[in-house]
1. Please give the per residue accessible area of the stretch 25-84, computed with a probe of 1.4 Å over protein heavy atoms only, in Å².
2. Write down, largest first, the equivalent ellipsoid semi-axes of the stretch 139-218 in whole Å, where each equals the square root of 5 times an eigenvalue of the alpha-carbon gyration tensor.
3. How big is the charge dipole of the chain about its Cα centre, in debye rounded to the nearest 20, if each Lys and Arg gets +1 on its Cβ and each Asp and Glu gets -1 on its Cβ?
4. Looking at the calculated P(r) for the stretch 17-80, what percent of the C-alpha pair distances fall above 18 Å?
5. Calculate the radius of gyration of the Cα atoms of the stretch 153-196 to one decimal place, then report Dmax, the largest Cα-Cα distance, as a whole number, both in Å.
6. Which of Leu159, Tyr216, Ala80 sits farthest toward the positive end of the charge dipole of the stretch 71-218, with +1 on the Cβ of Lys and Arg and -1 on the Cβ of Asp and Glu?
7. Net charge around Phe210, counting only other residues with Cβ within less than 10 Å of its Cβ (Lys, Arg = +1; Asp, Glu = -1)?
8. Taking the Cα centroid of the stretch 123-170 and of the stretch 37-93, what is the distance between the two, rounded to the nearest whole Å?
Amino acid sequence: MKRKTIACCLGLLFSMKAFAQIPYFAPTVGDGKMYAYTSLKVRPGINRQETYTTFQYGLGDHFATGADLYTGQNCAYWGALIRYGLEVSQWFNIGAEVIPSFDLNNSFKFAYLSSALYLNGAISRNKRLFWCTNTWWVVNRDKPFTLSNYEYLAYTIPLKKQQSLTPMVGTIHSWLFDQDLDLAAGCYYSIKNWNIYVWGNDYLKSHPRFIVGVDYTF
């Protein structure tokens, strides 16, 4: 039991760093629409798989609510979320999200509260070149809080039949600047209401992390 508890704590610390590997954008899903996303995260060479799944429903043009589920090695956390997003212009959009999460392996006790600020906007008039940042503030029940930032630069390459490919590159860092900056890069392929993600970070470490995900809006 003690070993399992330690593993859960390590998994929680690992998940704090993992929150926003793929980019999150300010706008919500839209009134009456449903958004679903799921992903698998692996580190080849070591046994440390993770999954993340979220469902969100649009309440009006600017609000959404939903739930998410994170699983790691011997760990599982369920969260309820509320989200707000505002498209100010094509150059600047702002959104926010709050998610209290609970430990499914410990009598559904409160585990951590994560809050996010999402900013994004176009750089070019055709909106193909754009930027986005995600700031995450995570308050843990038993550990110090974390405050981290994810910054991306992206370019959308249009393809035929409502398809496109968007490569992105960026950095991950703590606002305390108490560790090396991490390089994150990947791309997503869009076809109609689907997006397929291939992502990664920790490229300069011995066991980089790779992420495969898919989302759908309906």
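The values are calculated or read from the model by the stated rules, or taken from the named source; none is laboratory data. Quantities reported herein were computed from a predicted structural model and do not represent experimental measurements. We place every Cβ from the backbone using ideal geometry, glycine too, and count neighbours over all the protein chains shown. For the accessible areas, the whole protein counts, side chains as well, though only heavy atoms, and no ligand, DNA or RNA atoms are used. Shrake-Rupley method; radii C 1.70, N 1.55, O 1.52, S 1.80 Å.
1. Accessible surface, normalised per residue, equals 47 Å².
2. On the way: eigenvalues 174, 47, 28 Å².
Its equivalent ellipsoid spans semi-axes of 29, 15, 12 Å.
3. Numbers: 20 positive and 14 negative charges, 112 e Å.
Charge dipole, the chain, about its Cα centre: 540 debye, nearest 20.
4. Numbers: 876 of 2016 pairs.
Roughly 43 percent, rounded to a whole number.
5. 14.5, 46
6. Leu159
7. Local net charge: +2.
8. 14
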